[in-house]
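What follows is calculated from the coordinates using simple rules that are stated; it is not laboratory data. Owing to the predicted nature of the structure, the values given are computational and were not obtained by experimental measurement. No Cβ is skipped: glycine too gets one built from the backbone with ideal geometry, and neighbour counts run over all protein chains shown.
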Amino acid sequence: MAIGFPEFVENPENRCPVILLLDTSGSMRGQPIQELNRGLAAFREDVLKDAQASLSVEVAIVTFGPVRLMQDFVTIDQFTPPKLEAEGVTPMGQAIEYALDLLENRKQTYKDNGILYYRPWVFLITDGAPTDSWEGAAQRVREAEERRRLSFFTVGVQSADMNKLRQIAPPQRPPVMLNGLDFRALFVWLSTSMKRVSSGKVGEAVALPPVGWGQITT
């Protein structure tokens, strides 16, 4: 067992990693960011109701506007939702690349410690359009999806550029437009999905609950 990772000694459960890739640019100021913060709290609360999921689901939070690692990977029982604040532009391409690198490093850590893991989820939430070059990031997302290395979800809020998001999202999983600012429903859905995944076998396909919190745009 590698020294320096006592969490795997104390909790050798299979891991179910999810990266929340959250737009905190200036346009999210006010009610949107408040509702997003409430949604994160609801996510933690809901996963904690399931003993297995609270030990298996690991969350990391990357925000952009500027790109920051707000929370490195931690199991839900150790997770305290950060209070997000809105500022800056929307470097979405850079944020996606950062999240994909973070995920590769975490997967290597699992392997080094003999920990099995479910297919990771990356969950992008934005109300705008990228202000940097994003084509390379979109290419990486599509390749990773094709190789079944992750599941990438794209959620547009209010004035999001759905046309750009369609080009970033994997073809088999088009972006979803959130109903209003119903982040709570979105995060409860994410929690329910994580519970289903973490109660199954690694590598097994799981039926996800219906998306009642938004409209799929094709």
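Convex hull volume of the Cα atoms of the stretch 27-91, normalised per residue: 69 Å³.
With 0.36 nm allotted per residue and the present C-alpha distance subtracted, the residue 34-residue 159 stretch has 43.3 nm of extension available. Mean residue ellipticity at 222 nm, helices only, the chain: -12000 deg cm²/dmol; runs of at least 4 DSSP H residues each add -39,500 (n - 2.57), and the sum is divided by the number of residues.
Scoring 14-24, 71-81 by mean Cβ neighbours within 10 Å over their residues and listing the highest first yields 14-24, 71-81. First measure r as the distance between the Cβ atoms of residue 83 and residue 202, then evaluate 1/(1 + (r/R0)^6) with R0 = 30 Å and state the FRET efficiency to the nearest 0.05. Here the calculated transfer efficiency is 0.30. For residue 57, the residues whose modelled amide H falls within less than 5 Å of its own, excluding neighbours fewer than 5 places apart on the same chain, are 16, 76.
May I ask for the angle, rounded to the nearest 10°, between helix 135-146 and the longest principal axis of the chain, with both axes built from Cα atoms and the value confined to 0 to 90°? Roughly 40 degrees, rounded to the nearest 10.
Among the GluC sites (Glu not before Pro) in the stretch 48-143, those placed in a DSSP loop whose Cβ has at most 16 other Cβ atoms within 10 Å are 85, 87. Counted residue by residue at 0.36 nm each, then reduced by the alpha carbon distance between them, the extension gain from residue 179 to residue 101 reaches 25.0 nm. Here the Karplus relation 6.51 cos²θ - 1.76 cosθ + 1.60, evaluated at θ = phi - 60°, turns the backbone of the stretch 14-26 into coupling constants of 4, 9, 10, x, 9, 9, 8, 9, 10, 6, 10, 5, x Hz, with x for every Gly and Pro. Backbone geometry of the stretch 187-199 corresponds, through the Karplus equation with coefficients 6.51, -1.76 and 1.60 at θ = phi - 60°, to 3J(HN,Hα) couplings of 6, 5, 4, 4, 4, 4, 4, 4, 5, 5, 4, 6, 8 Hz, x marking Gly and Pro. Between the amide H of residue 68 and those of 63, distances stay under 5 Å, these residues lying 5 or more places away or on another chain, with hydrogens modeled in the peptide plane. Suppose a student asked you for the relative contact order of the chain, using Cα pairs under 8 Å spaced at least 6 residues apart; what percent would you report? Result for the chain is 25 percent. Over all directions, the projected convex hull of the C-alpha atoms in the chain averages 10.8 nm² in area.
For the stretch 45-51, putting each phi into the Karplus relation 6.51 cos²θ - 1.76 cosθ + 1.60 with θ = phi - 60° gives couplings of 4, 6, 5, 4, 5, 10, 4 Hz, in residue order, rounded to whole numbers and with x for Gly and Pro.
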